[in-house]
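Every number here is computed from the coordinates shown, using simple stated rules; none is lab data. The model shown is predicted, which means the values in this text are computed figures rather than measured ones. All Cβ positions, even for glycine, are placed from backbone atoms using ideal geometry, and neighbour counts span all protein chains on display.
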Amino acid sequence: MNLRTPTTLRFACLLLVFWSAMLLGCGPSRPATAPVSGTVLLDGEPLADAAVTFTPTAGGRPAYGATDADGHFRLSTFSEGDGAILGEHIATIYKEEADDAILDEGNLAGEPADPSPAMPELLVPAQYTRVETCPLRFNVTNDTAPIEIALSAE
C-alpha cells in the first residue's frame, strides 16, 4: 500500500491546515472592552500616584490604571489603554506612603535594614482599597464619559 499518493498527500495537507487554524485562530475570545478614563480627587484635590482598579461585578479580568500628577487615569485590561470590560464594576483606589527607608543612603551602603519596619500608611481611607468594602460602582458602556471619582478622607 503506497501512502504517498496525491490524494493522501492532499488529505494530510488539508488536515495540517485545519488543525493549525483550530489551534491558532479558535482560541477563547476576549470580552468586549470600552475606553475608561477619569480623575481621582481626595477631599477635592487631585490624587497623584494612586492605583485605580475596576473589578467586574459579574467576574472577569479587572482593569488597571495609575493616576498622574493631576489625578488623571486611563484603564487597561488586555492591552495598553483598551479600557475595561463592559458592565458594572467596583472601583478601588489604593495609595500608600512611600517607604523612604528603602531609599536611605545607609541601606544602600550595605548596613543592616531595620528588623521591624513599620507598615506603610494608607493615604486613602481603607474602605476604598478593597472590593468587599468599596462603595464606588460604575457601569462601563461603549460611550462611557470620563469619570470623576471623588473620595473623602472622613
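Between E121 and E148, what FRET efficiency follows from the Cβ-Cβ distance if R0 is 22 Å, with the result rounded to 0.05? Could you put the intermediate results ahead of the total?
Values: r = 25 Å, r/R0 = 1.15.
About 0.30, to the nearest 0.05.
Please give me the summed charge of the neighbours of P62: other residues whose Cβ is under 15 Å from its Cβ, Lys and Arg +1, Asp and Glu -1. Neighbourhood net charge equals +2. Near E96, the amide H atoms lying under 5 Å from its own belong to L123; only residues 5 or more places off or on other chains count, and H is placed 1.01 Å from N.
Taking 0.36 nm per intervening residue step and subtracting the Cα-Cα distance, what contour gain separates D49 from D68 on full extension?
Values: separation 19, 0.36 × 19 = 6.84 nm, distance 0.58 nm.
In short, 6.3 nm is gained.
Here F78 and L41 are evaluated by their C-beta separation; at R0 = 22 Å the FRET efficiency comes out at 0.20. Amide H contacts under 5 Å for A50: T67, restricted to partners 5 or more places along the chain or on a different chain, H placed in the peptide plane at 1.01 Å from N.
Under a 5 Å amide H cut-off, with hydrogens placed 1.01 Å from N, I147 pairs with S37, G38, T39 among residues at least 5 apart or on other chains.
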